[in-house]
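What follows is a short report on a single structure.
Readers should treat all values here as calculations from the given coordinates under stated rules, not as data from a laboratory. Since the structure is predicted, the reported quantities are computational estimates derived from the model, not experimental observations. No Cβ is skipped: glycine too gets one built from the backbone with ideal geometry, and neighbour counts run over all protein chains shown.
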Amino acid sequence: MLIIEPADPTALGPRTLLEASHRLMIDTFPADDIYALDIADLQGADIRFFAAR
């Protein structure tokens, strides 16, 4: 069963996935075409971050 719940983007699992995703985007796209939020931005008061497990 897939469980989706609020998560901390700095926790090991989410952080590892986000870092890998950001590396892939940097290696694949021009800098002007990358619109991903960094991990610090994902902790903003106006951001709701969820993870699936």
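You can think of it this way: the chain between Ile34 and Glu19 has 4.0 nm of extra reach, that is 0.36 nm per residue less the Cα-Cα gap. Kirkwood-type hydrodynamic radius, the chain: 12.1 Å, calculated from all non-identical alpha-carbon pairs.
Counting pairs of alpha carbon atoms under 8 Å apart in space and at least six apart in sequence, what relative contact order in percent does the chain give? Relative CO of the chain lands at 62 percent. Model label sites at Ile47 and Asp27, defined 7 Å from Cα along the beta-carbon direction, differ in position by 2.3 nm.
With contributions of -39500 (n - 2.57) from each DSSP H run of at least four residues, the per-residue ellipticity at 222 nm computed over the chain stands at -11000 deg cm²/dmol.
The loop-placed chymotrypsin sites (Phe, Trp or Tyr not before Pro) in the chain, going by DSSP, that have at most 13 neighbouring Cβ atoms within 10 Å of their Cβ come out as Tyr35.
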